[in-house]
Each structure stands twice: as structure tokens, then as C-alpha cells.
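Written below as C-alpha cells is the structure these notes are about.
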Ligand SMILES: N[C@@H](CCC(=O)N[C@@H](CS)C(=O)NCC(=O)O)C(=O)O
């Protein structure tokens with residue numbers, strides 16, 4: 001059985017959890033916070049998520065874990081059949097991460113402290129969001145999924161990668177990434193409307209008080 005290490009408030013953890021659930025993989029969760037000694041023994045970055053494979057190997061870095069899961073459980077693959085389409089799926093995942101997810105983290109401190117970010121920082125993050133949304137508009141044809149008729153790993157990645165931009169951007173930058181991407185509003189609702197998404201969202205809500213107490217201590 002695969003062991004998924006991390007905690008339910010992490011968007012990256014939830015991407016992996018969603019993929020494991022969708023594929024019907026046998027897995028268990030081991031609740032760990034970043035930089036916990038048990039985690040550092042498995043992955044030098046101390047970041048979550050990490051997984052322990054059936055053969056006892058530890059793997060970290062979400063996109064690597066997602067690829068591993070799809071390779072080891074090829075039933076109903078979350079990547080398209082052709083090498084070109086698979087590359088396009090990974091290209092979209094990379095753009096989402098580089099232009100939306102990672103920059104959004106730079107505003108988390110200000111968001112939780114209810115502070116206005118410095119102008120230069122706000123301008124940099126906003127530029128990245130706008131550029132990212134432009135690129136995503138060029139790479140996607142949402143009908144109904146990001147890359148057409150089939151759900152791919154990019155849909156799972158996007159659903160959770162949007163969490164922090166959605167939280168910080170409207171309040172701190174007066175910019176809404178969902179409305180800046182053509183068709184993403186309906187896609188967002190569709191993605192939320194599944195048993196797996198509902199379960200992950202409920203687990204996240206349940207863990208919120210503990211997480212908030214932890215970051216404010
Ligand atoms: N590049 C990593 C990023 C994972 C990541 O940033 N995880 C966050 C939680 S969502 C974390 O562990 N942060 C704590 C830290 O950086 O020490 C991945 O793709 O898995």
C-alpha cells in the first residue's frame with residue numbers, strides 16, 4: 001500500500017490524494033507537517049507531500065509523484081495517449097505552477113497578517129498572474145476539461161494550485177484569476193462537483209482549526 005505523507009490543508013498534498021482516489025489506489029495517509037523529523041528522514045526538503053511506495057522507496061515533489069502514480073497504476077491514465085499530448089499536459093501543469101501557484105505563496109505572509117503587501121512585490125506577483133492567465137488561455141480549450149473532453153492530471157493540478165491565488169489575489173491585488181481564464185468559472189464548479197472533491201474539501205475544512213492554531217503559535 002502507498003503511504004501518503006502530509007496534511008489535508010496542503011494543496012500539493014490534495015493533488016496527490018485526488019489522483020490516488022481517482023485511480024482507486026490502495027493508500028493510507030500519514031499526517032505530518034513540513035520539516036517534521038520523520039519527514040526529513042524521507043525527504044531532505046522537508047516539504048509535503050511525500051509518498052512511500054509499496055517497495056518502501058520515498059518519493060517527493062508533487063509532479064514527480066503524480067507521474068509515478070500514473071506509471072505504476074496505468075489503468076484509466078490521467079495523461080493522454082500520444083507523447084505530444086502528454087507533453088502538452090505537463091507543459092500546462094508547469095505553467096500553472098510557475099505563474100500562479102508559486103508566486104501566490106509570496107503573498108501568504110501579508111494575507112494572514114492582514115497587511116498590505118509592498119508595492120513592488122504586489123506588482124511582481126500581479127504581473128506573473130496576468131501573464132500566467134494569458135498563457136493558460138492560449139494553452140487551454142475548456143470543453144469541459146482544460147485540454148478538451150477528457151479529464152487529465154492538469155485538471156487535478158489546476159484545481160488545487162488555484163487555492164492560494166484564489167485566496168490572496170482578489171483581496172490583495174484586486175485580480176480574480178478565475179475570471180481571467182476563459183471558461184474557468186464553470187470548470188471550477190464542475191471540478192468541485194464530485195465525491196472525491198467533496199471528500200477532500202471536507203477533510204481540509206476539518207483540519208483547518210488545527211492548522212490555523214499551528215501557524216499562529
Ligand atoms: N515543490 C514541492 C512544493 C511542496 C510544498 O511547497 N509544500 C508545502 C506545503 S503545501 C510545504 O511543505 N511547505 C513548507 C516548507 O516549504 O518548508 C512539490 O512540488 O511538492
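The values are calculated or read from the model by the stated rules, or taken from the named source; none is laboratory data. Computed from a predicted structure; not experimentally measured. Note: ideal-geometry Cβ built from the backbone for every residue, glycine included; neighbour counts use all protein chains shown.
A few remarks follow.
- Leading residue by the ranking (farthest from residue 99 (Cα to Cα)) among those in the stretch 160-177 that are surrounded by fewer than 21 Cβ atoms within 10 Å (Cβ to Cβ) and under 15 Å from the mean Cα position of the chain (by Cα): 167
- The residues on offer are 66, 98, and the sole one that is surrounded by fewer than 17 Cβ atoms within 10 Å (Cβ to Cβ) and either under 18 Å from residue 159 (Cβ atoms) or in contact with a strand residue (DSSP E or B) (Cβ under 6 Å, 6 or more places away or on another chain) (or both) is 98.
- Test set (1) within 18 Å of residue 206 (Cβ to Cβ); (2) near the ligand (Cβ under 10 Å from one of its atoms); (3) touching a strand residue (DSSP E or B) at 6+ places or on another chain (Cβ under 7 Å) - residue 47 fails condition number: (1)
- Subset of the stretch 50-63 (residues that are within 9 Å of the ligand (Cβ to nearest atom) and over 13 Å from the mean Cα position of the chain (by Cα)): 50, 60
- When 50, 83, 36, 44 are checked against the criterion of being over 26 Å from residue 193 (Cα atoms) and at pLDDT below 95, a single residue qualifies: 44.
- Residue within the stretch 7-25 that is touching a residue at least 12 places away in the same chain (Cβ under 8 Å), part of a strand (DSSP E or B) and crowded, with 16+ Cβ neighbours inside 10 Å present: no
- Residue within the stretch 35-48 that is without any contact (Cβ under 8 Å) to a residue 40 or more places away in the chain, in contact with a helix residue (DSSP H, G or I) (Cβ under 9 Å, 6 or more places away or on another chain) and not in a loop (DSSP other than H, G, I, E, B) present: no
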